[in-house]
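> Just dropping this structure here.
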Amino acid sequence: MNQILLDTGPLVAFLNRRDHFHDWTKTVWEQAEPPFLSCEAVLAEACFLLRRSHNGAHSVLEMVKRGVITTSFRLENEVATVDKLLVHYADVPMSLADACLVRMAELSPKSSVLTIDDDFLIYRKNRRQKIPLVMPSH
């Protein structure tokens with residue numbers, strides 16, 4: 001499997017056994033080789049969505065501490081490009097986390113985005129290229 005760029009949905013689903021995509025995400029994670037690459041915007045979204053789950057945010061941070069997830073993406077270095085993506089996809093609308101992941105896909109050509117978000121079927125890297133995805137079939 002290529003390098004995996006981790007989106008919020010699969011992270012939340014992996015940590016929340018009641019999530020509709022928990023079993024699918026667990027299977028994908030068992031086949032993948034950590035670390036997963038992500039960004040702080042994804043981690044913030046996941047912590048927020050898991051705020052009512054027992055140890056939700058703590059579990060996210062533990063994955064970072066253990067090296068299962070790494071966050072080498074630096075928004076301050078990519079802010080102009082990320083902002084252009086947010087403007088370009090304003091009608092979707094695109095979240096900051098999604099824009100960061102699209103930019104990460106541009107910077108890491110052999111990567112795939114692990115997501116449950118259908119918006120990634122619309123997004124393009126380098127304006128025209130489909131982003132390789134790992135997502136459940138609908």
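Each reported figure results from applying straightforward, stated rules to the coordinates on display, with no laboratory input. Just so it is clear, the model here is predicted, and its values are computed rather than measured. Reconstructed Cβ throughout: ideal geometry from the backbone, glycine too, with neighbour counts over all protein chains shown.
> Which FRET efficiency, nearest 0.05, do Arg74 and Lys110 yield, Cβ-Cβ r, R0 22 Å?
Details: r = 20 Å, r/R0 = 0.91.
The pair Arg74/Lys110 has a calculated efficiency of 0.65.
> Related question: Which cysteines in the chain lack any other cysteine whose Cβ sits under 4.7 Å from their own Cβ?
Taking the Cβ cut-off of 4.7 Å, the unpaired cysteines of the chain are Cys47.
> In sequence order, what are the phi-derived ³J(HN,Hα) couplings for segment 49-54 according to the Karplus relation 6.51 cos²θ - 1.76 cosθ + 1.60 with θ = phi - 60°, rounded to whole Hz, with x for glycine and proline?
For segment 49-54, the Karplus-derived couplings read 5, 9, 4, 9, 7, 4 Hz, x marking Gly and Pro.
> Indicate the gyration tensor shape class of segment 82-138 (rounded, prolate or oblate), computed on the Cα atoms with a ≥ b ≥ c the square roots of the eigenvalues: a/c under 1.5 is rounded; otherwise a/b larger than b/c is prolate and the rest oblate. Before the final figure, lay out each step's value.
Numbers: a/c = 1.78, a/b = 1.20, b/c = 1.49.
Judged from the Cα gyration tensor, segment 82-138 comes out oblate (a/c at least 1.5, b/c at or above a/b).
> Sticking with this structure for a sec: Answer rounded, prolate or oblate for segment 5-55, using the Cα gyration tensor with square roots of eigenvalues a ≥ b ≥ c: rounded when a/c is under 1.5, else prolate when a/b is larger than b/c, else oblate.
In terms of gyration-tensor shape, oblate.
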